[in-house]
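Structure first, commentary second.
All of the numbers you see were taken from the coordinates with simple rules; none came from a lab. Please read these numbers as outputs of a predicted model, since none were measured by experiment. For neighbour counting, all protein chains shown are included, and Cβ atoms are generated from backbone atoms with ideal geometry for every residue, glycine included.
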Amino acid sequence: MATVSLNKLTKRYGNIEIVHGIDLEIADREFIALVGPSGCGKSTTLRMIAGLEDISGGAIDIGGRVVNDLPPRSRNISMVFQSYALYPHMTVRENLGFSLKIAGATKDDMDRRVAEASAILGLDELLERRPSQLSGGQRQRVAMGRAIVRDPDVFLFDEPLSNLDAKLRTQMRTEIKKLHAKVKSTVIYVTHDQVEAMTLADRIVIMRSGHIEQVGTPDEVFSRPATRFVAGFIGSPPMNLHEATVSDGKLMFGGGDSLPLPGQFKSKTAAGDKVVFGIRPDDFYPTGHGLSSGSETEVHRVDLPVSITEPLGNETLVFAEFNGTDWVSRMLNPKPLKAGDRIGMSFDLSRAHLFSAETGKSLRS
Amino acid sequence: MDENASARLARRALTVAHRVGLFLAMLVICLPGIWIVLSSLRPTVEIMAKPPVWIPQQLSFDAYVAMFSGIGKGGIPVLDYFRNSLIISITSTVIAVAIGMAGGYAFARYRFRGKSGMFLGLMLTRTVPGIALSLPLFFLYVRLGIIDTHIGMILAYVALNVPFTIWLIDGFFRQVPKDLAEAAQIDGCTRWQAFWQVEFPLARPGVASAAIFAFLTCWNEFALASQLTRSVSSKTLPVGLLDYTAEFTIDWRGMCALAVVMIIPALTLTYVVQKHLVGGLTSGAVKG
């Protein structure tokens, strides 16, 4: 078990810098998720921690030991690959025991540890099969088994669920969470799926273009996004984000519509400031059908035409037209609606966000 | 007739046509081989007969007996030729495959300056006909004093085979996912161990086919060998066939018998190695 710290970690390919000197402290036994869109540098960062990529600058420290130039085998880590990377010419048992064989473990020790891992992941029936005879979910479990057999300081997961179908993904997500509770080791988990990150991680690191945008607990990054990018990335459906200009206690949108400037931002903005107004679909809802219906402190009501609805059973996503564009809202206890209906919509402005249009940084304190 | 019955009939007719076509194709492919075996067993009169005698009237192993009877009794030093062929072919195959593995792996896995140019250059060497090299090689070998030696032939064959083995093995290493070697390194392997424990076993069909091709090229090569070998100490079996030609006569039966002797080891080797040629071994390595 170990802490991991990245200090000014940089990666360059030729003249192109991919990861721009990131700093990150990961506590012992913490489950941390690196999340971001394709090409944000999250997988490269993970591969640098694993030792599969050379680092161009900075330092990586695992368990108090700088490992910058150590080969992967000397870092006491294990990794689950997106492709699983099971050895196709070996049985499941041989796959699980491979690292122990390389380390020169005795046969008894090997059998015991393979049996332990196989029991944890329910692989007992599959030990004599080859990877080609396994389903996607089973391969995924073998890949995880191979990782836990080594009893590593740090587990690295590189988008391990992205090759599975939606149902299996949900199931494996739960298994990974249970596994972490059982083995209690430090986990660094790379994903582009914010739902995976939110559900699994103790803390989430949101990356963009080789920079860290925000590090925080799932609740922090959801409720208090530090930047416009994080606000748009975390949450499904994503936050409504629209540019506006502050004017005389109001937010003037380009299309001619306006909203009152939320109270908490009055002291932080001046007339003429260009801002981006953000509100989650949960905080913009058909009146009477919201999470905080009845307990709002600062609500703005307006009648809007419905342009489209997406019923999900327990709730309906309603796209209402405001300022010439569609804003998505979440309707709880839904009632039937159709395109063209006009309904009363509530903006819970106490929960709205404002970002600087220039820097993208949140104006919330 | 209803539609289904006629469709069934058409399918059957197609199957029969396929089989007849296959039989004819196989006949064309196999006929020379069969003819050589038959010719080695029948008298010269029958071999030279016009029109050809399709069904042999009398068969005998005389040519085989004579071949091994020693010089002066119609024999040729077939065991020496066999030994030479074996030493030259096996040694040059082993070297060509070793270089091919190193080169193929490098081309498949590493990025380096001039890579595609180098690869193209290697392939271009294949466009030069071997016979065109025989005269320059002859002069070179004479100067170096390696004419009529095993080492000379081995060098020539290694050079002939390396581009091909690199090309073939490169393709197989490309099919082995890079993740596997990385997973092996995380599992505690050095780069070297990862290669031998994981990547090599998966590319084995490629290495085996490269080895067969290289071996057969050496085993059957005639043009270069006929120029670069002189005596019993280095002549290979294909060159040995010339022993059956005299100023005015050609012993077709003896020649065919030696050809059969030549074919047997090549066939055996191909049969033994073919089980390693089974592809698709990497299936199940990655993805669901």
Using θ = phi - 60° and the Karplus form 6.51 cos²θ - 1.76 cosθ + 1.60, what ³J(HN,Hα) does each residue of the range A:357-362 get, whole Hz, x for Gly and Pro?
5, 7, 9, x, 7, 5
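DSSP loop trypsin sites (Lys or Arg not before Pro) in the range A:280-365 with at most 15 other Cβ atoms within 10 Å of their Cβ, which ones? Provide the component values of the computation, followed by the final result.
Numbers: sites: A:R301, A:R330, A:K338, A:R342, A:R351, A:K361, A:R364; in loops: A:K338, A:R364.
The qualifying sites are A:K338.
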My understanding is that a pair violates if its Cα-Cα distance is over 32 Å; which of A:K101/B:K115; A:K11/A:K107; B:K50/B:K73; A:K8/A:K167; A:K42/A:K335; A:K266/A:K338 do that in this structure?
A:K101/B:K115; A:K11/A:K107; A:K8/A:K167; A:K42/A:K335; A:K266/A:K338
Can you give me the Cα centroid spacing of the range B:172-214 and the range B:85-162 in angstrom?
23
Given +1 on the Cβ of Lys and Arg, -1 on the Cβ of Asp and Glu, and no further charges, what dipole in debye does the range A:204-312 carry about its Cα centre, rounded to the nearest 20?
300
Please report, in whole Å, how far the alpha carbons of chain A spread along each principal axis, starting with the longest.
76, 46, 34
Mind pulling the angle between the C-alpha long axis of helix A:166-183 and the longest principal axis of chain A? Nearest 10 degrees, somewhere in 0 to 90.
60
How much length is gained on full extension from B:F138 to B:Q175, taking 0.36 nm per residue of separation minus their Cα-Cα distance?
9.3 nm
Difference of contour (0.36 nm per residue) and Cα-Cα distance, B:R19 to B:D80
17.6 nm
Cα-based shape type of the range A:5-65, given that a ≥ b ≥ c are square roots of the gyration tensor eigenvalues and the cut on a/c is 1.5:
oblate
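When only C-alpha pairs under 8 Å and at least 6 residues apart count, what is the relative contact order of the range A:240-356, in percent?
Working: 259 pairs, mean separation 36.1, N = 117.
Result for the range A:240-356 is 31 percent.
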Can you put B:D251, A:D54, A:D283 in order of Cβ neighbours within 10 angstrom, beginning with the fewest?
A:D54, B:D251, A:D283
Give the relative contact order (percent, whole number) for the range A:17-125; include only Cα pairs under 8 Å separated by 6+ residues.
14
Longest exposed-site-free window of chain B, the sites being chymotrypsin sites (Phe, Trp or Tyr not before Pro) in a DSSP loop that have at most 16 other C-beta atoms within 10 Å:
B:113-221
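Is the C-alpha gyration tensor of chain B telling us rounded, prolate or oblate? Criteria: a/c under 1.5 is rounded; beyond that, a/b larger than b/c is prolate, otherwise oblate.
Details: a/c = 2.42, a/b = 1.19, b/c = 2.02.
Since a/c reaches 1.5 but b/c is at least a/b, the shape of chain B is classed as oblate.
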Given GluC sites (Glu not before Pro), DSSP loops and at most 10 other Cβ atoms within 10 Å, the longest exposed-site-free stretch of chain A is A:129-357
Cα to Cα, under 18 Å, and not fewer than 8 places away if on the same chain: which aspartates and glutamates meet these conditions relative to B:K178?
A:E53, A:D54, A:D158, A:E159, B:D170, B:D187, B:E199
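Using Cα pairs closer than 8 Å and at least 6 residues apart in sequence, work out the relative contact order for chain A, in percent. Mind dumping the intermediate values first?
Working: 764 pairs, mean separation 55.6, N = 365.
Relative contact order, chain A: 15 percent.
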Kirkwood hydrodynamic radius of the protein assembly as shown from all distinct Cα pairs, in Å?
31.6
Pick out, from A:S162, A:G249, A:P281, the residue whose Cα sits farthest towards the positive end of the charge dipole of chain A, with +1 on the Cβ of Lys and Arg and -1 on the Cβ of Asp and Glu.
A:S162
Using +1 on the beta carbon of Lys and Arg, -1 on that of Asp and Glu, and nothing else charged, what's the dipole of chain A about the Cα centre, debye to 20?
620
Check A:M345: other-chain or 5+ apart residues with amide H under 5 Å from its amide H, H built from backbone geometry?
A:T287, A:V302, A:D303, A:L304
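Please give the length that would be gained between A:S209 and A:S236 if that part of the chain were fully extended, namely 0.36 nm times their separation in residues minus their C-alpha to C-alpha distance (nm, one decimal).
Working: separation 27, 0.36 × 27 = 9.72 nm, distance 2.16 nm.
In short, 7.6 nm is gained.
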Can you name the helices of chain B, as whole DSSP H runs, whose Cα span along the helix axis is 18 Å or more and whose Kyte-Doolittle mean is not below 0.0?
B:3-41, B:78-109, B:130-144, B:150-175, B:200-220, B:252-273
